[in-house]
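Before any comments, here is the structure.
The values are calculated or read from the model by the stated rules, or taken from the named source; none is laboratory data. Everything quoted here is computed from the prediction, not taken from an experiment. Ideal geometry is used to build each Cβ from the backbone, glycine not excepted, and the neighbour counts take in all protein chains shown. The area values use the complete protein model at the heavy-atom level, side chains included, leaving out ligands, DNA and RNA. Shrake-Rupley method; radii C 1.70, N 1.55, O 1.52, S 1.80 Å.
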Amino acid sequence: MNDTIASIATSLGVGAISIIRVSGNDSISIVNKLFQGHDLEKVESHTIHYGYIKDKENIIDEVLVSVMKSPKTYTMEDVVEINCHGGIATTNKVLELLLLNGCRLAEPGEFTKRAFLNGRIDLVEAEAVSDLINSETELERKVAINGIKGNISSLIKKLRDELIKIISNIEVNIDYPEYQDIYEVTINDIREKIPLIKNELEEIVENYEQSKLIHEGIKVAIIGRPNVGKSSLLNKLLNSEKAIVTDIPGTTRDIVEGIMYLDGVKLNIIDTAGIRETDDIVEKIGVNKSIETIESANLVLLLLNNNEELTEEDKILIDKTKYKTTIYVVNKNDLETKIKLDKNLSNVISINTLDNKEIKILKEKIRDLFQLDKINNSDFNYITNLRQINKIKECLKIISDIEEGINDDLELDMLEMDLREIWEQLGFITGDSYDEELLDDLFKNFCVGK
Ligand code: GDP
């Protein structure tokens, strides 16, 4: 950590500006060697300076250099950022000069790793930085920025504080039984406290399930036998002519897919080939893929034709989707109703694909089923990271051990060991406890320059 690191912080390519970031004890003196302008070693912190980067007598670029002195910087070390003209040749040349003059090329995520190791941010905040950079949607951005602001970290820290109070109290009771003025923790105290902690942890896991929609979106499969209007529905949803609509059964031979956003949540919509027994090889491939698609979808839209009686194929599809989240879309309601559906079938809607207003009915149903309004009205304080959520789940397992222990009237010192284990697991989330392997693993997924 004592060396000075440098890397290109912007994406490498043709652009107006590239930023090269340098961090470490020697960052100011190294850049100063290459800079023609003010003496950077004498300037105030958090100032920006116009000048040139020179390689001996040759001017390499006209630049603006920001000087930020420790500790109020991203890494808490001295940081210099060189704003040079964009483009591969200039940016690489400036970086090369920095490396020749004493910098080491930063590893992916190394600036953020230093911010963590120097105590400016915790691991939750560090991981949120990566999430923010990788955010594709507004909802993902909101969740990530809350992580960076430390909302999740505070939640975890609050739980750890509550635990350590009980743990230390038990320890004092055990180690110094003669102290009369210290509150004596009883198994009843733990019996009261554990459900509160358990509730908070369970809520985090529940919210995680919900927040998965934000990151992963909803995989929607449109299925139904040929000619019921699958491609027409997909086109209406996507407002395009992606799928070819014809009235010859079996035209959608392969899978056509598209993406739309509903209340900020990504819907990956897949129009499958008409599912039916077929001898046609090309179509058969499509049919097999359709069945796989149903299995991996989060939501199935099973289209049925309002203008026809239910066929055997329809009944098989209704049966196949019994255990999936399915909306039964009775299409072509502009035509005479001939279909008769079991009254017990839930999530049935009636629409046609000719009128845009009808599509709203389907969108409303999807909103309802996935509680999209709940996501949009939430505080966006979600744990969305698998590593972190696995630790929470481990804590919940230990809590069930404690619950058993309470029922079996286990000694307090045995319960205390479990409480301490929860406290430690929570510490792994924020990085209060960590090992090198974890850090390497975590930061290698960052982009270079962050
Ligand atoms: P797919 O084979 O399930 O993809 O069905 P298509 O989307 O290709 O539609 C088959 C035929 O039904 C086409 O001629 C469409 O124009 C027609 N169609 C689709 N939706 C409706 C609807 O809501 N009402 C009516 N009357 N016709 C529709």
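Points worth noting:
- Only helices (runs of 4 or more DSSP H) whose full extent lies in segment 380-444 are considered here, and the ones with at least 2 residues that are open to solvent by 50 Å² or more (accessible area, probe 1.4 Å) and over 21 Å from residue 169 (Cα atoms) are 386-407, 436-443.
- Total residues in segment 362-376, condition open to solvent by 70 Å² or more (accessible area, probe 1.4 Å), at negative phi and either free of Cβ contacts under 8 Å to residues at least 40 places away in the same chain or assigned to a loop (DSSP other than H, G, I, E, B) (or both): 2
- Checked against the criterion of being part of a helix (DSSP H, G or I) and more than 12 Å from the ligand (Cβ to nearest atom), segment 336-354 contains not a single residue that satisfies it.
- Taken together, the residues in segment 1-43 that are part of a strand (DSSP E or B), in contact (Cβ under 8 Å) with a residue 60 or more places away in the chain and open to solvent by 10 Å² or more (accessible area, probe 1.4 Å) amount to 4.
- Matching entry among 113, 149, 198, 157 (being within 26 Å of residue 431 (Cα to Cα), open to solvent by 60 Å² or more (accessible area, probe 1.4 Å) and at pLDDT 90 or above): 157
- Filter result for residue 318 (touching a residue at least 24 places away in the same chain (Cβ under 8 Å), open to solvent by 10 Å² or more (accessible area, probe 1.4 Å), assigned to a helix (DSSP H, G or I) and away from the ligand (no atom under 11 Å from the Cβ)): yes
- Under the condition of being open to solvent by less than 80 Å² (accessible area, probe 1.4 Å), away from the ligand (no atom under 13 Å from the Cβ) and either assigned to a strand (DSSP E or B) or at pLDDT 95 or above (or both), the residues counted in segment 282-309 number 2.
- Meets criteria (within 15 Å of the ligand (Cβ to nearest atom) and surrounded by 17 or more Cβ atoms within 10 Å (Cβ to Cβ)) for residue 236: yes
- Selection status of residue 258, within 13 Å of the ligand (Cβ to nearest atom), modelled with pLDDT under 90 and open to solvent by less than 20 Å² (accessible area, probe 1.4 Å): no
- With respect to the stated conditions, residue 69 fails to be modelled with pLDDT under 95 and among the basic types (Lys, Arg).
- Of all residues in segment 56-79, those being open to solvent by less than 40 Å² (accessible area, probe 1.4 Å) and over 21 Å from residue 449 (Cβ atoms) number 0.
- Any chance residue 375 is closer than 30 Å to residue 434 by Cβ and among the β-branched types (Val, Ile, Thr): no
- Residue match in segment 197-218 (condition: part of a loop (DSSP other than H, G, I, E, B), away from the ligand (no atom under 16 Å from the Cβ) and in contact with a Lys or Arg (Cβ under 7 Å, 6 or more places away or on another chain)): yes
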